[in-house]
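Asker: Quick one: the structure is below, and I'll ask about it shortly.
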Amino acid sequence: MSLQSALEQLAAHRIKNTRASQDVFRNGLLVLQKKGLKKLGDDGKSFHYTCQNVTHKLLRLPAGWTFLEQLTLASIDVGRLDIADQCLQLIADKFPNSPRVDCLTGIRIEATESPETALKYYAEILEADSANAGIWKRRISVLRRTGKVEKAVNELVQFLDTFYTDVEGWLELADIYASCNQYEHSLQALTHVLLLTPQNPFYMLQAAETAYTAEDFPLAIKMFLTVVDMTDGDDSEQLLQESTPLGITVRAWFGVKLCARRIAQNTNMKSPSNTSLPKKVELLDELATERLRVAYSSSGQKGEIAKGRQEVFAWVAAPLA
């Protein structure tokens, strides 16, 4: 592989935010061996990225220190700590006392030292700089990984009090609560995610499924319908029969179907969130049935979802209550 190809692939991984540690390490090692680090510089270099004969938008090659950070993490992932140490030293020499270098050093410590050693390292840095968000999150990660869930939650709550807009933090808190079967608390954390990213249908779907698991079916069906509204482009009456649900829209229609059945079984159920029951559950159930039939009746490229259609058709045809 040429040096230019290796640099382009490394840049593409950063743009797409993909880990791909094996590929990153292989290409990064090639860059080091061919002394390509000097070609990166501090400001990067523009180029066009071509994939499958299609030229994409203009990207920028990562600056030298960004490339070294990328290779450091990949080297730790694949167990080549010698290369990781080499890269980390170069970064530390160029950016002494950098918070990002501190975070990389902590990850390197986690790879070979005990959790207590890593926690002590993070505690010392936080004592000097309590606003170091990266170190704080690494500390929370170590606490959770070592089974200190309660302490991890307390630390995470304090972190979010300081960095409220950190979406990843709220998602982590929701995941911790869900792993402990505390779905109502998980849903509360996800409501903050929805406030911060109201246009993200994937987070809305996660909240809907969490509400369903928490047995708040009125709230869940409302959220599932919101996902449909956010993701189904052909929602006009004249196009409804022709459109084919795809991706998470299909998953949302499954959610609508499940919620409609649970609500039909108990029309007097109470919602923990005080969400009112839908007035026309039967019509929602019929619509969900029709949408799922369309999704699993599609052909051609869209037909991948049609696997298992007979089982789906039998399930949606079952009586509502």
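Yes or no, residue by residue, for (1) out of contact with any Ser or Thr (no Cβ under 9 Å at 6 or more places or on another chain); (2) closer than 22 Å to Ser273 by Cα; (3) among the small types (Gly, Ala, Ser):
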{"site": "Lys151", "(1), (2), (3)": "yes, no, no"}
{"site": "Asn154", "(1), (2), (3)": "yes, no, no"}
{"site": "Leu160", "(1), (2), (3)": "yes, no, no"}
{"site": "Gly169", "(1), (2), (3)": "yes, no, yes"}
{"site": "Tyr177", "(1), (2), (3)": "no, yes, no"}
{"site": "His185", "(1), (2), (3)": "yes, yes, no"}
{"site": "Gln188", "(1), (2), (3)": "yes, yes, no"}
{"site": "Val193", "(1), (2), (3)": "yes, yes, no"}
{"site": "Pro201", "(1), (2), (3)": "no, yes, no"}
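Asker: Look at the stretch 165-216 and say how many of its residues are part of a loop (DSSP other than H, G, I, E, B), farther than 30 Å from Asn268 by Cβ and either of a type in the set (D, E, K, R) or open to solvent by less than 30 Å² (accessible area, probe 1.4 Å) (or both).
Answerer: 1
Asker: State the number of residues belonging to the stretch 106-140 that are buried (at least 19 other Cβ atoms within 10 Å of the Cβ) and hydroxyl-bearing (Ser, Thr, Tyr).
Answerer: The qualifying residues number 2.
Asker: Here is a follow-up. Tally the residues that are assigned to a helix (DSSP H, G or I) and open to solvent by less than 60 Å² (accessible area, probe 1.4 Å), restricting the search to the stretch 141-156.
Answerer: Counting residues in the stretch 141-156 that are assigned to a helix (DSSP H, G or I) and open to solvent by less than 60 Å² (accessible area, probe 1.4 Å) gives 8.
The values are calculated or read from the model by the stated rules, or taken from the named source; none is laboratory data. Because the structure is a prediction, the values reported are computed rather than measured. Positions of Cβ are generated from backbone atoms using ideal geometry, with glycine treated the same way; all protein chains shown enter the neighbour counts. Side chains included, ligands, DNA and RNA excluded: accessible areas come from the protein's heavy atoms. Shrake-Rupley method; radii C 1.70, N 1.55, O 1.52, S 1.80 Å.
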